[in-house]
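Take a look at the structure set out below.
The values are calculated or read from the model by the stated rules, or taken from the named source; none is laboratory data. What you see is a predicted model, and the numbers here were worked out from it, not measured in a lab. All Cβ positions, even for glycine, are placed from backbone atoms using ideal geometry, and neighbour counts span all protein chains on display.
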Ligand SMILES: *[C@@H]1O[C@H](CO)[C@@H](O)[C@H](O)[C@H]1NC(C)=O
């Protein structure tokens, strides 16, 4: 049996290889852990849970069914809102749980330049991580310093289109300021002249989450060019944004490329757009396994924008040119900041695929 370190009330206790949480934890920290775990369950399983609830009501509840049907009709009628900027709700964005969620890791936001609110921007966030805690924490609620740092800018968080089709869950994602990541939706956000909109796009998407491993910064960018084309059409600057520490929040079940598990995950992702990551975090009472993210600092750094000309019908050469400029500026942002925010920075490099 492994020796107990520091005793029952010490910082950690190990038993049979499992590292336990101390017994005496301040209420504040317990609430943070609760918020972080509920965040994961909500956004990791929101589509499935809401889908099952709808199915159960339709199949088993005679009375609720008649309330549900008009709601489903309304969802159908309302389905385009996610491609017209969404419908943010300040009470949803100000829900106190998001504050505890932010303080759990904690999440920090840093800027390298000021951005004037007389134009729109496309914030391109890397890496996706398992569930983009950094992007949600900084742009999807009102407890982030975003509005103080970038006065006049309004964030529009682009996320999977399927989230806006799922009944109930869609209302939450819309309330938080979410809208679809489709090109039509991004065009809508960037297309309005000079109103200080910041589209938030996690370019690598769900596919990148399958690469997520602690200490590894492997992003999908070379083959993602659509966002550059949309930026060119609107003359919108591309702002590189990097969340240092995002990949440390979870490990995931060993899934090297070509393995049976990885092929299955890619198959599900292609069919549903959602990547079935099997995350390994911590639990409520021990640190060795579970679905709760690890308590580990995430610093999201907003880099200097890459200016892009307005070209109504960009050629492939135009797209490649600005894609290359963006890729270089992302690498520069990573290299210039890694020593401040990650351990072992000398041996950590941004891998772009
Ligand atoms: C925002 O959400 C709250 C409850 O979550 C609701 O009471 C309120 O009416 C909503 N506001 C708007 C403008 O939709």
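Of all residues in the stretch 128-159, those being in contact (Cβ under 8 Å) with a residue 40 or more places away in the chain, more than 13 Å from the chain's Cα centre (by Cα) and part of a helix (DSSP H, G or I) number 1. Summed over the stretch 246-262, the residues that are surrounded by fewer than 22 Cβ atoms within 10 Å (Cβ to Cβ) and in a loop (DSSP other than H, G, I, E, B) give a count of 7.
Scanning the stretch 12-57 for residues that are over 30 Å from residue 165 (Cα atoms), without any contact (Cβ under 8 Å) to a residue 24 or more places away in the chain and surrounded by 17 or more Cβ atoms within 10 Å (Cβ to Cβ) yields 13, 14.
Taken together, the residues in the stretch 116-156 that are in contact with a strand residue (DSSP E or B) (Cβ under 6 Å, 6 or more places away or on another chain) and within 30 Å of residue 67 (Cβ to Cβ) amount to 1. Go through the residues of the stretch 185-203 one by one and say whether even a single one is free of Cβ contacts under 8 Å to residues at least 12 places away in the same chain, over 28 Å from residue 143 (Cβ atoms) and either part of a strand (DSSP E or B) or more than 16 Å from the ligand (Cβ to nearest atom) (or both). Scanning the stretch 185-203 turns up at least one residue that is free of Cβ contacts under 8 Å to residues at least 12 places away in the same chain, over 28 Å from residue 143 (Cβ atoms) and either part of a strand (DSSP E or B) or more than 16 Å from the ligand (Cβ to nearest atom) (or both).
When the stretch 83-115 is examined, which residues are found to be free of Cβ contacts under 8 Å to residues at least 60 places away in the same chain, more than 14 Å from the ligand (Cβ to nearest atom) and part of a loop (DSSP other than H, G, I, E, B)? Result: 114, single match.
Any residue that is closer than 21 Å to residue 204 by Cβ, part of a strand (DSSP E or B), within 17 Å of the chain's Cα centre (by Cα) and in contact (Cβ under 8 Å) with a residue 12 or more places away in the chain - is there at least one of those in the stretch 170-177? Within the stretch 170-177 (the criterion being closer than 21 Å to residue 204 by Cβ, part of a strand (DSSP E or B), within 17 Å of the chain's Cα centre (by Cα) and in contact (Cβ under 8 Å) with a residue 12 or more places away in the chain), the answer is no, since none of the residues qualifies.
Among the candidates 208, 266, the residue that is more than 14 Å from residue 132 (Cα to Cα) and not in a loop (DSSP other than H, G, I, E, B) is uniquely 266. Would you please name the residue that is surrounded by the most Cβ atoms within 10 Å (Cβ to Cβ), looking only at residues in the stretch 221-245 that are modelled with pLDDT of 95 or more and assigned to a loop (DSSP other than H, G, I, E, B)? Per the stated criteria, the residue is 236. Checked against (1) within 16 Å of the ligand (Cβ to nearest atom); (2) in contact (Cβ under 8 Å) with a residue 24 or more places away in the chain; (3) under 28 Å from residue 299 (Cα atoms), residue 71 passes all but a single condition, namely (3).
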